[in-house]
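What follows is a set of notes on a single structure, which appears directly below.
The values are calculated or read from the model by the stated rules, or taken from the named source; none is laboratory data. Every value quoted in this text rests on a predicted model; they were computed, and no experiment measured them. Please note: Cβ atoms are built from the backbone with ideal geometry, for glycine as well, and neighbour counts cover all protein chains shown.
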Amino acid sequence: MVGIGPHDGDRTLTPKRQTTDPNQTARLEMVRYQIAARGIQDKRVLDAMAKVPRERFIPERFQEQAFADRALPIAEGQTISQPFMVASMTAQLQIQPHHRILEIGTGSGYQTTILSRLAREVVTIERIGSLQKKAREMLATLNVSNVTFQVGDGTAGWVEHAPYDGIIVTAGAPTIPDPLVEQLTDGGVLVLPVGGEKEQVLILVTRKRNKIVRKKLFPCRFVKLIGQHGWQ
Ligand code: SAH
């Protein structure tokens, strides 16, 4: 028990010392009300979402909405996904600490950072050089050191680093790109939005030996996956 000292009467007048920063409080609320409340229970995913500073990946003019329940514009007409979507796709990958993960669509690098906390190694590919550069710089600032970056068309995967325990595509594809399925380990999973230019369905593809199982998860909206095995 804390003893009652001579200055105790002052307590109500002195503002309580701030022990957490407001962004941390906002992140914890985001995790609680937007993610855990919607059924995502994976503790490692929730922990990563609570710790990665989402606000650092959001452009200045959208700072007030950094933790809002929606996707937000980044540069080059692209978007950073809604927090729930990031958590949900990440949970589908069931990442173990020894896993190697491939991400297509680095964008802001937010999803990449979440993945980097859960996997041993992350390989990420982005089509637009300026976005990749910015993401790479941000991850360096955050001392993330287990990510390999590549600029190019991710629809062909990246054979040199294959196979992957998990592959995540954060742009909408017209069909499931064959090279990505081929670059999965036995038991590996691929999560990606598939469908039209404006609306897609999130699909989970699991590879078991040479058997490929596809499962539809839920409707979603992503920017287009542009490339050889994507939109032209
Ligand atoms: N995961 C990102 C969301 C990025 S939006 C984040 O957390 O911020 C989707 C990204 O996919 C865009 O940056 C877009 O340029 C990129 N993209 C589209 N087609 C691609 C392709 N074929 N290969 C790699 N990146 C691609």
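Can you tell me which of (1) touching a residue at least 12 places away in the same chain (Cβ under 8 Å); (2) in a helix (DSSP H, G or I) is the one Lys133 doesn't meet?
(1)
Considering only region 199-232, state which residues are within 20 Å of the chain's Cα centre (by Cα) and of a type in the set (D, E, K, R).
If the condition is that a residue be within 20 Å of the chain's Cα centre (by Cα) and of a type in the set (D, E, K, R), then Glu199, Lys216, Arg221, Lys224 are the ones that fit.
Could you grab the pairs with beta carbons closer than 8 Å, sequence gap of 6+ or different chains, first residue in region 200-213 and closer than 17 Å to Val169 by Cβ and of a type in the set (Val, Ile, Thr), second one at pLDDT 95 or above and exposed (fewer than 11 other Cβ atoms within 10 Å of the Cβ)?
Val201/Lys216; Val201/Phe218; Ile203/Lys216; Val205/Val213; Thr206/Val213
Under 9 Å between Cβ atoms, at least 6 apart or on separate chains: pull out the pairs that start in region 217-232 with a residue that is assigned to a loop (DSSP other than H, G, I, E, B) and end on any residue that is among the acidic types (Asp, Glu).
Arg221/Glu199; Gly227/Asp153; Gln228/Asp153; His229/Asp153; His229/Asp178; Gly230/Asp153
When you scan region 159-167, do you find a residue that is of a type in the set (Asp, Glu), within 15 Å of the ligand (Cβ to nearest atom) and either surrounded by 16 or more Cβ atoms within 10 Å (Cβ to Cβ) or assigned to a strand (DSSP E or B) (or both), even just one?
First, pick out the residues of region 159-167 that are of a type in the set (Asp, Glu): 160, 165.
Then keep just the ones that are within 15 Å of the ligand (Cβ to nearest atom); that gives none.
So far as region 159-167 goes, no, none of its residues is of a type in the set (Asp, Glu), within 15 Å of the ligand (Cβ to nearest atom) and either surrounded by 16 or more Cβ atoms within 10 Å (Cβ to Cβ) or assigned to a strand (DSSP E or B) (or both).
Take Thr113 and decide whether it is surrounded by 16 or more Cβ atoms within 10 Å (Cβ to Cβ), in contact with a His (Cβ under 9 Å, 6 or more places away or on another chain) and touching a residue at least 60 places away in the same chain (Cβ under 8 Å). Before the answer, list the steps.
Values: surrounded by 16 or more Cβ atoms within 10 Å (Cβ to Cβ): yes; in contact with a His (Cβ under 9 Å, 6 or more places away or on another chain): no; touching a residue at least 60 places away in the same chain (Cβ under 8 Å): yes.
It is false that Thr113 is surrounded by 16 or more Cβ atoms within 10 Å (Cβ to Cβ), in contact with a His (Cβ under 9 Å, 6 or more places away or on another chain) and touching a residue at least 60 places away in the same chain (Cβ under 8 Å).
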